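Single-structure report; data block below.
Values quoted throughout were computed directly from the atomic coordinates according to the rules given, and no laboratory measurement underlies them. Note that this is a predicted model, so its numbers are computed, not measured. Here the Cβ positions follow ideal geometry from the backbone for every residue, glycine too, while neighbour counts run over all protein chains shown.
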Amino acid sequence: MKVAALQMVSGSSCGANLAAARELLEQAAAAGAELALLPEYFCLMGERDTDKLGLQEAFGRGVIQTFLSDAARELDLWIVGGTLPLSTPDPQRVCNASLAFAPSGACVARYDKIHLFRFDNGVERYDEARVLQAGSTPVSFELPSRDGHRWRLGLSVCYDLRFPELYRAYAAAGADLLLVPSAFTYTTGQAHWELLLRARAVENLCYVLAAAQGGHHDNGRRTWGHSMLVQPWGEVAQRLEQGAGLIVAELDARRMQSCRQQLPALEHRVL
């Protein structure tokens, strides 16, 4: 199965971001991808954290969700829509939600980011808990590929990558492809991004597909980029360092099973 990770440099205009995302989705479909993964905050990298509140949608309706549903149906793609802000009972909080759409246009899975990023090195300061409500439940879904294989996909978002227990739970539930839409900062990405992605692949003998924000944004942020597909043995199959674009790579179920047979680490778990 071919999969695509779409890298963006999203700005403060939702309309412009959706147009850029549509162009990348069309490129992914033209390249033969069955699944396209958008990055975290693909629809908005606002001037302030609270800008997400103005763009929030109720689950099941809204401009962004309609965009994703229409694109999936029109392009015959499975699309995992990075993240978008979904409403909560608290008007001052939204969920940072990753939604999966089937080629029929139906939303088949929703994952709310569980771990909320906080970082302060004296120069850069981030605290997602100011406007985000954390999720609490791992979510996976099944994707039947055109070759007849049924892939189990585990959903996660960005800062979740630092918490291996989430991915271990997915592996225990049979996941063989882990998705990581992200907006890693340049500072933390340079230090840890590839290391963490490769570790999650190796320890779970899974494919890991990561779609990132990658560049200088009009709100002054700089993100690390380096969208990639990591194979179950830890090799980086494809990578896009900076700027908008996409990578397209092939998943091989037989290779994954071979890795698991040669090194049955998942069967050796004790704790």
### Task
With only alpha-carbon atoms counted, please give the Rg and Dmax of the range 88-225, in Å.
15.8, 52
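What number does the range 78-147 give for Rg over Rh if you use C-alpha atoms and the Kirkwood radius?
Answer for the range 78-147: 1.09.
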### Query
Of [x] 27, 21, 18; [y] 34, 19, 18; [z] 31, 26, 18, which is the value of semi-axes √(5λ) of the Cα gyration tensor in Å derived from the coordinates here?
[x]
### Task
Any chance you could run the full-extension gain for T50 through A16? It's 0.36 nm times the residue separation minus the Cα-Cα distance, nm to one decimal.
10.3 nm
## Note on the structure
Placing each pseudo-label 7 Å from Cα in the direction of the beta carbon, Q261 and H149 end up separated by a distance in nanometres of 1.4 nm
### Message
Multiplying the sequence separation of S104 and K2 by 0.36 nm and subtracting their Cα-Cα distance, what value in nm do you get?
### Response
34.9 nm
### Query
Looking at the range 1-101, which trypsin sites (Lys or Arg not before Pro) are DSSP coil and have at most 12 other C-beta atoms within 10 Å of their C-beta?
R48, R61
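Over the range 1-49, what lengths in whole Å, largest first, do the semi-axes of the equivalent ellipsoid take, defined as the square roots of 5 times the eigenvalues of the alpha-carbon gyration tensor?
Equivalent ellipsoid semi-axes, largest first: 23, 10, 6 Å.
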## Note on the structure
Sparse-neighbourhood loop hits (trypsin sites (Lys or Arg not before Pro), the range 130-208; DSSP loop; Cβ within 10 Å at most 12 others) -> R146
### Message
So for the range 1-110, averaging the separation of alpha carbon pairs under 8 Å that are six or more residues apart and normalising by length, what relative contact order in percent results?
### Response
25 percent
### Query
Which FRET efficiency value, to the nearest 0.05, is calculated for D218 and D70 with the Förster distance at 25 angstrom and r the Cβ-Cβ distance?
0.40
### Message
Based on the alpha carbons, how large is the Rg to Rh ratio for the range 42-89 when Rh follows Kirkwood?
### Response
1.01
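Kindly state, to the nearest 0.05, the FRET efficiency for D120 paired with E23, given R0 = 51 Å and r defined as their beta-carbon distance.
So the FRET efficiency works out to roughly 0.90.
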### Task
Return the distance in nm (one decimal) between the two label points of a simple spin-label model at E241 and D90, each offset 7 Å from Cα along Cα→Cβ.
4.1 nm
### Query
At L271 and A31, where each label point lies 7 Å from the Cα along Cα→Cβ, what is the point-to-point distance in nanometres?
3.9 nm
### Query
Summing +1 for each Lys or Arg and -1 for each Asp or Glu, what net charge is found among the other residues whose Cβ lies under 11 Å from the Cβ of A100?
0
## Note on the structure
Computed over the chain, the relative contact order (Cα-Cα under 8 Å, seq sep at least six) in percent reads 20 percent
### Query
Listing T188, T137, T88 from the residue with the fewest other Cβ atoms within 10 Å to the one with the most, what is the order?
T137, T88, T188
#### Entry: Helical mean residue ellipticity (222 nm; -39500 (n - 2.57) per DSSP H run of 4+; nearest 500) of the chain
-7000 deg cm²/dmol
### Query
Pulled fully out, how much extra length does the chain show between E142 and A169, if you take 0.36 nm times their separation in residues and subtract their Cα-Cα distance?
8.2 nm
